[in-house]
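What follows is a single structure, written as structure tokens, with notes after it.
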Amino acid sequence: MVHGRRQQHRAPPARQAAFVAYLAEGIVSPSGRHTITSLTVRAVHVPMRLPLETSGGTIRIAPFALLDLHTSEGVTGRTYLFCYTPLVLKPVCELLANLEPVLQGLPVAPLEVNRMLRSRFRLLGDKGIVGMALAGIDMAAWDALARVQGQPLARALGADLLEIGAYNSCGLGLIGPDRAPAEAEALVAAGFSAIKVRLGYRDVDTDIRVVRAVKSAIGDRIHLMSDYNQALSVPEAMHRVRALADEGLYWIEEPCLAHDYQGYARVRAASRCPIQMGENWWGPDEMAASLGFGASDLGMPDAMKIGGVSGWLQTAALANAAGMPISTHLFPEVSVHLMAATPTRHWLEFVDWASPILARPLAIRDGKASIPDEPGTGIEWDEAAVGRCLVQ
């Protein structure tokens, strides 16, 4: 399965069958319900059009795990996981393949499947690679459910097909003040009204030079977000947010380590620019902890790390209660549906990393993303492109 061919599964050995029964305990599929029959998982390396250079390193390929969740009525739910590094891709795919026997025969009921899987992994924990796998299953199950209903995921969640404001987050890494202006101009040429620049250079003076160079190239009518990718200590972050206060940044994202919520509260108090974080919240409970510390002005959950569609719905409720504007992190094809169902929706982060392997990439017009008016999330694979990118 990891290599792109559907495996023929034999009946599991007695011990494995007992383990599968243990995992699936409490979920019964009534007669006539759509059920999960199999899961196909493929690993691909997709070259990135614009390599992303951050303070943590340079990403030149997107390592994706592609999921196809097959059901008893011939409906297939699809999604992908972004594994950040090829070192993680194979273990994620292997874990997903190992979970197939657990899923077989379960109803296409994402909330119940998600509850069961997370409860049974409680002793191990449901973050990291486990969390990625469970979120992938959840997103594929929601896609399958919406397809069974014959409507877009946004409508299956009770929302409408809206246009969601998007900012271009492709490229514009740590490429310096000489190269950044031209790349910034190319990013807004597609009609975007907002883009994001990565910061975290050796000194704050270079950060400022880059911001000023980009602002000079794109003008004051284009919003400029910034992202430090956790590069700074808390004292250095406090120093730099003060230095950047008058540079016209829309937000400053993840200046220090993601889970130092007390440190973020100190940085936020020192900053006149909104502080953004959330892409590293592993589940709604971590968002709740962040809110409790007053760690940020804004939130941007990641559809995979937050727990798929099911985790996102809980997160959107927390944000609504707190009055926090919510943006997205990666996965624009799924996230655009989630934003439609988010009361405090803010910005969709657009990246084109999966576009080369999609039959119909997400459409962006005049800086807005349009939700596809077709069943599910609209994710369909360009099989020829997938074949060229398969990891053998």
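The values are calculated or read from the model by the stated rules, or taken from the named source; none is laboratory data. Since we're looking at a predicted model, the values are computed, not measured. As a convention, Cβ positions derive from the backbone with ideal geometry for all residues, glycine included, and neighbour counts pool all protein chains shown. Note: areas computed on protein heavy atoms with side chains; ligands, DNA, RNA excluded. Shrake-Rupley method; radii C 1.70, N 1.55, O 1.52, S 1.80 Å.
Worth a mention:
- Of the solvent-accessible surface of the chain, computed with a 1.4 Å probe over protein heavy atoms with every protein chain present, carbon and sulfur atoms account for 51 percent.
- Two-decimal Rg to Rh for the stretch 77-137 - Kirkwood Rh, Cα set: 0.95
- Where the stretch 65-158 is the region considered: accessible area per residue in Å², 1.4 Å probe: 35 Å²
- Rounded to 10°, Cα long-axis angle of helix 14-23 versus longest principal axis of the chain: 50 degrees
- Straight-line reach from Lys90: taking Cα to Cα under 30 Å and skipping same-chain neighbours fewer than 8 places apart, the lysines in range are Lys127, Lys305.
- Spin-label model, Leu161/Gln392: points 7 Å from Cα along the beta carbon direction are separated by 4.1 nm.
- Length gained when the stretch Ala189-Ser370 is fully extended (0.36 nm per residue, less Cα-Cα span): 63.3 nm
- Computed over protein heavy atoms with a 1.4 Å probe, the accessible surface of the stretch 226-318 works out to 33 Å² per residue.
- Kirkwood estimate for the stretch 119-213, i.e. one over the average of 1/r between Cα atoms, Å: 17.4 Å
- Cut-off 9 Å between beta-carbons: net charge of the residues surrounding Pro332, Lys and Arg +1, Asp and Glu -1: -3
- Distance from the C-alpha centroid of the stretch 50-67 to that of the stretch 192-240: 20 Å, rounded to the whole angstrom.
- Value of Rg to Rh for the stretch 54-195 (Rh from inverse mean 1/r over Cα pairs, i.e. Kirkwood): 1.06
- Spacing of the two label points (7 Å from each Cα toward its C-beta) at Leu123 and Gln149, in nm: 3.6 nm
- Peptides 204-210, 373-379, 140-146 ranked from most to least packed by the mean count of surrounding Cβ atoms within 10 Å: 140-146, 373-379, 204-210.
- For the chain, alpha-carbon Rg over 2.2 N^0.38 Å: 0.99
- Inter-site label distance for Arg49 and Ala269 at 7 Å from Cα along Cβ, in nm: 4.4 nm
- Charge context of Pro356, other residues only, Cβ under 15 angstrom, K/R +1, D/E -1: 0
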